[in-house]
1. I'd like to check something: does the stretch 116-132 contain any residue that is under 16 Å from the mean Cα position of the chain (by Cα), in contact (Cβ under 8 Å) with a residue 12 or more places away in the chain and part of a strand (DSSP E or B)?
2. Quick one: is Val138 in the same structural domain as Thr165 (by TED's automatic domain parsing) and closer than 16 Å to Leu184 by Cβ?
3. Can you find, within the stretch 96-115, the residue that is modelled with the highest pLDDT among those that are more than 20 Å from the chain's Cα centre (by Cα) and in a loop (DSSP other than H, G, I, E, B)?
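The values are calculated or read from the model by the stated rules, or taken from the named source; none is laboratory data. Computed from a prediction, not measured in an experiment: that's the story for all the values here. Backbone-built Cβ (ideal geometry, glycine too); neighbour counts: all protein chains shown.
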Amino acid sequence: MGNTSRLAMASLIPIAAFGWMATTQLLSRPAAAQSDGRRLAAADTNRRGSLQQTRKAAPVDVSGSWSGDWGSYTPPPPGLRQAQPPGLGQAQPPMYPDACKPMDCTVVKLGGGRYQATFAGECGRPYKYTIKMTGRTVGSSVLFKGSADLGEKDGGVFDWIGRATDKEFVGFFTSQGYTGTFRLERR
């Protein structure tokens with residue numbers, strides 16, 4: 001490799017991320033330098049493609065059957081709140097130890113970032129709700145959000161957000177009168 005080629009490669013390495021600058025600089029180089037620059041640009045394009053593939057985790061399949069529990073959250077009255085935040089060296093009791101209720105869920109992928117989840121369980125009487133939701137893949141998780149009107153008898157309009165991995169589906173729900181969480185695992 002001649003001095004001109006080494007010079008061309010050395011000047012391109014620091015600016016490899018700025019492909020347009022490399023192309024502009026190549027136009028003013030001799031033919032040998034342009035050839036080395038093209039090889040470097042091709043290698044950089046392949047490297048960028050590999051990095052993008054690495055960043056995109058394998059598609060997460062969260063469809064299927066899930067089982068776990070849910071519970072309402074009622075914060076303690078102001079006088080009973082702890083002085084220090086939870087998790088600072090002391091074990092915390094569950095938010096709702098006696099209120100957790102079993103729940104099953106079936107998730108179906110509809111396509112285009114849309115899903116349908118059917119939640120079923122018992123809370124004084126059997127219930128079954130089918131909720132449409134949107135989801136976006138972030139790393140190895142799918143982040144969900146949705147809203148559904150369960151009817152006046154069941155609390156009205158609920159909004160919720162959740163996160164599902166290949167093993168766990170957790171969420172938070174809220175309405176005019178209720179707030180709570182659920183945690184499900186694969187069946």
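1. Filtering the stretch 116-132 for residues under 16 Å from the mean Cα position of the chain (by Cα) gives none.
No, that holds for no residue.
2. No.
3. Once the filter is applied, the top-ranked residue is Cys100.
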